[in-house]
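Step one of this worksheet: look at the structure below.
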Amino acid sequence: MNLPAKPHRGTMVDERAEVLANDAYPGHQHVLKIRAPEIARRARPGSFVHLRCAPSLAMRRPMSIMRADAAKGTLDILFKAHGLGTAELAARKAGETLSVLGPIGVPFRLEGYRRRPLLIGGGVGLPPMVYLAEHLRRVGGTMPLVVLGSEVPFPFTLRPSTIMVPGLPPHVIATMPLLEDWGIACRLASREGYPGCFEGFVTELAAGWIEALGTEARDEIEIFACGPTPMLKAVQALAARFAVPAQVSLEEYMACAVGGCAGCAVRVNTPTGPAMKRVCVDGPVFEASTVVFE
């Protein structure tokens, strides 16, 4: 019997990756740079890797890709150390090697964008938004706005933006330097009182911007988001409120990450009715309107 092709078939490899750098940031956050040429060549915004944090740990950890440089063969991975595996990963040093499986999963749509993509990232959902923003920069033809939220210090030095964004509060000027250097508008949100940041949820900041644009401009907007489930549920409601399309990248605990165990299954509405879909290989990216958030 011929089985239907799976999204990860023919794209995923198990690569021995060299650690090039492992930079620490406040809030137990790290940016890991590894050399994994084959995965870097195949990766797309929204795909992720499953890596072994230490030789002594059999269970791998799923990690979003923040940047993939096919020419240099490198991946940048932002993660927060909050358990045994990620603590081991935080201790990895330049010159060591890691077993990395990837790229895995269905990415964000890679073409045919509306004129005003709105990228919303929260917490550990920041990396896919940076990756997608870099892709949009290369493709051209759009005016993306990236809004990022965090309840711990951002893993970069905040900088006042020189890119004006009509519809946003004038005092909200903090930005991510990398995106600013790319010429991509970015604003930050937090409830921790960081200077220049919007005081509130990132979805509240996004809603205010959409509201200020007016009804005609909403036909130019589409949303891409990644973050914790409560944030994604709010994104779903935001997209429905303003009748704009949205794609969300879900976060779920994973064991195998290659579709075998179905431990990461979520309920999704399909044309033929509700179905359980695996976040690892049927996602992690889904149309926001189809996801059933518990």
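Nothing in this text is a laboratory measurement; each read-out follows from the coordinates by a stated rule. The structure displayed is predicted, hence computed values, not measured ones. No Cβ is skipped: glycine too gets one built from the backbone with ideal geometry, and neighbour counts run over all protein chains shown.
Please figure out what share of the DSSP beta bridges in the range 101-200 is antiparallel and state it in percent, rounded to the nearest 5.
Close to 15 percent.
What's the FRET efficiency of T97 with V152 using the Cβ-Cβ distance as r and R₀ = 41 Å, to the nearest 0.05? Can you show the working numbers first?
Numbers: r = 29 Å, r/R0 = 0.71.
Computed FRET efficiency for T97 and V152 comes out at 0.90.
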Inset, instruction - Mind computing the radius of gyration and Dmax over the alpha-carbon atoms of the range 251-294? Å is fine for both. - result: 10.0, 29
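Please list the three semi-axes, largest first and in whole Å, of the ellipsoid equivalent to the range 127-205, using sqrt of 5 times the eigenvalues of its alpha carbon gyration tensor.
Values: eigenvalues 80, 36, 25 Å².
Working through the eigenvalues yields semi-axes of 20, 13, 11 Å.
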Legend entry - For the range 1-154, size of Cβ-based charge dipole, Lys and Arg +1, Asp and Glu -1, in debye: 460
Inset, instruction - Using +1 at the Cβ of each Lys and Arg and -1 at the Cβ of each Asp and Glu in the chain, identify which of F293, V258, I210 lies farthest towards the dipole's positive end. - result: V258
Inset, instruction - Can you tell me the FRET efficiency between E220 and A54 if r is taken as the Cβ-Cβ distance and R0 is 51 Å, rounded to the nearest 0.05? - result: 0.65
Inset, instruction - Just name one of Y113, L75, V152: the one whose Cα is farthest towards the positive end of the charge dipole of the range 1-159 (beta-carbon charges, Lys/Arg +1, Asp/Glu -1). - result: Y113
Legend entry - Fewest-first ranking of C226, C186, C256, using other Cβ atoms within 10 Å as the exposure measure: C256, C186, C226
Legend entry - Two-site label geometry, A275 and H82: point separation in nm, points 7 Å out along Cα→Cβ: 3.1
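In debye, nearest 20, what is the charge dipole magnitude of the chain about its Cα centre with +1 on Lys and Arg Cβ and -1 on Asp and Glu Cβ, if you could check? Mind dumping the intermediate values first?
Numbers: 31 positive and 27 negative charges, 135 e Å.
Here the chain has a charge dipole of around 640 debye.
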Inset, instruction - Mind checking the full-extension length gain between T162 and A70? Use 0.36 nm per residue of separation minus the Cα-Cα distance, one decimal, nm. - result: 30.1 nm
Inset, instruction - Could you pull out every one of the lysines with an alpha carbon less than 26 Å from that of K93, ignoring same-chain neighbours closer than 8 positions? - result: K33, K72, K80
Legend entry - Ratio of the Cα radius of gyration of the chain to 2.2 N^0.38 Å, where N counts its residues: 0.97
Legend entry - Dipole magnitude of the range 207-294 about its Cα centre (Cβ charges: Lys, Arg +1; Asp, Glu -1), debye to nearest 20: 320
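Between E111 and F293, 0.36 nm times their residue separation minus their Cα-Cα distance comes to what? Walk me through the numbers on the way to the answer.
Working: separation 182, 0.36 × 182 = 65.52 nm, distance 2.72 nm.
My answer for the length gained is 62.8 nm.
Go ahead and run the numbers for FRET between R41 and A212, Cβ-Cβ distance against an R0 of 51 Å, rounding to 0.05.
Values: r = 41 Å, r/R0 = 0.80.
It comes out at approximately 0.80.
Whole number please: convex hull volume per residue, Cα atoms of the range 116-249, in Å³. Please list the in-between numbers first.
On the way: hull volume 12.7 nm³, N = 134.
Value for the range 116-249: 95 Å³ per residue.
If the chain between E192 and A240 were fully stretched, how many nm would it gain, using 0.36 nm times the residue separation less the Cα-Cα distance?
So the chain would gain 14.4 nm between E192 and A240.
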